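Here is the structure we will look at, set down as structure tokens.
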Amino acid sequence: MPLVDPKGMIEAARAGGFCVGAFNIVDFLSMEVVVAAAEEKRAPAILQASSGTIKRFGVRKLVALARIAAAESPTPIALHLDHGKDPKVINEAIKAGFNSVMIDASERPFEENAAITRRVVEEAHAAGVAVEGEIGRVVGVEDDIVVRQDQAIYTTPKEALEFQRRTGVDFLAAAIGTAHGFYKVTPKLDIDTLRQIRREASFPLVVHGATGLSFEVIRELVGAGAAKMNLSTQIKKTYIDALYDYISARRTEYDILKVLANAKNELVKMVGQYIDVLGSTGKA
Ligand SMILES: [Zn+2]
């Protein structure tokens, strides 16, 4: 089917106590993988592009590829811009046909973050595009954005509610101690705060940095109110490991289609596993 607005799927997840997986794609194969896993699990899913992927392809080509990847899928698939920093790129993504965008001005003080986010919401909503905002700071590396552990700022329920009221964001990424990339130390998660925001808020919450969390912890986060969860680093790891393992074992075989087919199989299995853990299996 055509790409859809992710707002409906994320709100259904919030109401139904499950979570929609938002998977960072890097090329057409990874898009096909997410669509195939979602189809197999009869789950809604979000393809999301970070600034690195946007630099690689440009927004128009990404939208065209995502539309092709989703076209024959019976399950709803959305295309989302992850960690939009540059208002120009966000504007281009909205015009090109992204279904939702994230404006991440979380490194700014509250007032500035709210003002920047508000402007993006006005522009996006005028085009029928949903917006994710972020307050607090998620640590780790996301493309060229680096946030150190000692720069982590946990979101408070009061701030989360105030920020959404002031900006009108459709969903909000709350920093509760998860991180981008691989965990170097065991993260200190504030799941109670997530639960508290979930109780008081009328909008869905997003958790970034699922890679490296145990499935048990992910289930706990979903139970506490995460309605959209981002998975990026694990996709890159599974992809690269699958290529490396296959090529290493068959060093003189030059069948690129087999190399890619193996990577696709491994990735579909992995993404499907996350869809199960997030509870979105059968929710399309
Ligand atoms: Zn993130």
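Let me confirm something: among Arg148, Arg219, Arg198, Arg165, which residue is modelled with pLDDT under 95 and open to solvent by 20 Å² or more (accessible area, probe 1.4 Å)?
Arg148
When you check Val129 against the structure, is it away from the ligand (no atom under 16 Å from the Cβ), within 25 Å of Ala12 (Cα to Cα) and surrounded by 24 or more Cβ atoms within 10 Å (Cβ to Cβ), yes or no?
yes
Being closer than 17 Å to Met9 by Cα, modelled with pLDDT of 95 or more and out of contact with any strand residue (DSSP E or B) (no Cβ under 8 Å at 6 or more places or on another chain) is the requirement here; does Gly282 meet it?
yes
Can you run down the residue pairs with Cβ atoms below 8 Å, 6 or more apart or on separate chains, where the first is in region 154-168 and within 16 Å of Leu189 (Cβ to Cβ) and the partner is open to solvent by 40 Å² or more (accessible area, probe 1.4 Å)?
Here the result reads Tyr154/Asp190; Pro157/Gln196; Pro157/Glu200, each pair linking region 154-168 to a residue that is open to solvent by 40 Å² or more (accessible area, probe 1.4 Å).
Could you list, in sequence order, the residues of region 78-87 that are open to solvent by 40 Å² or more (accessible area, probe 1.4 Å) and either at pLDDT 95 or above or among the charged types (D, E, K, R) (or both)?
Passing the criteria: Lys85, Asp86.
Yes or no, residue by residue, for (1) within 16 Å of the ligand (Cβ to nearest atom); (2) open to solvent by 10 Å² or more (accessible area, probe 1.4 Å):
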{"site": "Pro2", "(1), (2)": "no, yes"}
{"site": "Ala13", "(1), (2)": "no, no"}
{"site": "Ala36", "(1), (2)": "no, yes"}
{"site": "Glu39", "(1), (2)": "no, yes"}
{"site": "Arg42", "(1), (2)": "no, yes"}
{"site": "Gln48", "(1), (2)": "yes, no"}
{"site": "Lys55", "(1), (2)": "no, yes"}
{"site": "Arg67", "(1), (2)": "no, yes"}
{"site": "Val89", "(1), (2)": "yes, yes"}
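Report whether or not Leu205 is modelled with pLDDT of 90 or more and open to solvent by less than 10 Å² (accessible area, probe 1.4 Å).
Against the criterion (modelled with pLDDT of 90 or more and open to solvent by less than 10 Å² (accessible area, probe 1.4 Å)), Leu205 qualifies.
Which of the residues that make up region 26-62 are touching a residue at least 40 places away in the same chain (Cβ under 8 Å), farther than 19 Å from Thr281 by Cβ and of a type in the set (Val, Ile, Thr)?
Listed by number, the list holds a single entry, Val26.
Out of Gly279, Gly225, I need the residue that is on the phi > 0 side of the Ramachandran plot, in contact (Cβ under 8 Å) with a residue 12 or more places away in the chain, in contact with a Lys or Arg (Cβ under 6 Å, 6 or more places away or on another chain) and not hydrophobic (A, V, I, L, M, F, W, C). Which one?
Being on the phi > 0 side of the Ramachandran plot, in contact (Cβ under 8 Å) with a residue 12 or more places away in the chain, in contact with a Lys or Arg (Cβ under 6 Å, 6 or more places away or on another chain) and not hydrophobic (A, V, I, L, M, F, W, C) holds for just one of Gly279, Gly225, which is Gly225.
I need a count of the residues in region 97-114 that are assigned to a helix (DSSP H, G or I), open to solvent by less than 50 Å² (accessible area, probe 1.4 Å) and more than 16 Å from the ligand (Cβ to nearest atom).
Step one: of region 97-114, the residues assigned to a helix (DSSP H, G or I) are 110-114.
Now restrict to residues that are open to solvent by less than 50 Å² (accessible area, probe 1.4 Å): 113-114.
With the extra rule that they be more than 16 Å from the ligand (Cβ to nearest atom), the set shrinks to 114.
Residues flagged as assigned to a helix (DSSP H, G or I), open to solvent by less than 50 Å² (accessible area, probe 1.4 Å) and more than 16 Å from the ligand (Cβ to nearest atom) within region 97-114 amount to 1.
Identify the residue in region 168-180 that is more than 10 Å from the ligand (Cβ to nearest atom) and open to solvent by 10 Å² or more (accessible area, probe 1.4 Å) and, among all such residues, is farthest from Arg118 (Cα to Cα).
Ranking the candidates gives Gly177 first.
Any idea which of Thr75, Thr155, Thr117 is modelled with pLDDT of 95 or more, outside any helix (DSSP H, G or I), β-branched (Val, Ile, Thr) and surrounded by 15 or more Cβ atoms within 10 Å (Cβ to Cβ)?
The conditions single out Thr75.
If I filter region 242-264 for residues that are touching a strand residue (DSSP E or B) at 6+ places or on another chain (Cβ under 8 Å) and either basic (Lys, Arg) or surrounded by 14 or more Cβ atoms within 10 Å (Cβ to Cβ) (or both), do I get at least one hit?
no
Give the number of residues within region 15-31 that are within 16 Å of the chain's Cα centre (by Cα), over 26 Å from Ala224 (Cα atoms) and open to solvent by 10 Å² or more (accessible area, probe 1.4 Å).
Result for region 15-31: 2.
Just checking: which of the helices (runs of 4 or more DSSP H) contained wholly in region 209-284 hold 2 or more residues that are of a type in the set (S, T, N, Q)?
By residue number, 233-249, 256-278.
Taking the condition of being farther than 19 Å from His80 by Cα and either at pLDDT 95 or above or buried (at least 21 other Cβ atoms within 10 Å of the Cβ) (or both), how many residues in region 132-145 meet it?
Going through region 132-145 one residue at a time, the tally reaches 3.
Just give me the residues in region 78-96 being under 22 Å from Ala173 (Cβ atoms) and in a helix (DSSP H, G or I), in sequence order.
Residues satisfying the conditions are Pro87, Lys88, Val89, Ile90, Asn91, Glu92, Ala93, Ile94.
The values are calculated or read from the model by the stated rules, or taken from the named source; none is laboratory data. Because the structure is a prediction, the values reported are computed rather than measured. With ideal geometry, Cβ positions are generated from the backbone for all residues, glycine too; neighbour counts draw on all protein chains shown. We work out accessible area using only protein heavy atoms, side chains counted, and drop any ligands, DNA or RNA first. Shrake-Rupley method; radii C 1.70, N 1.55, O 1.52, S 1.80 Å.
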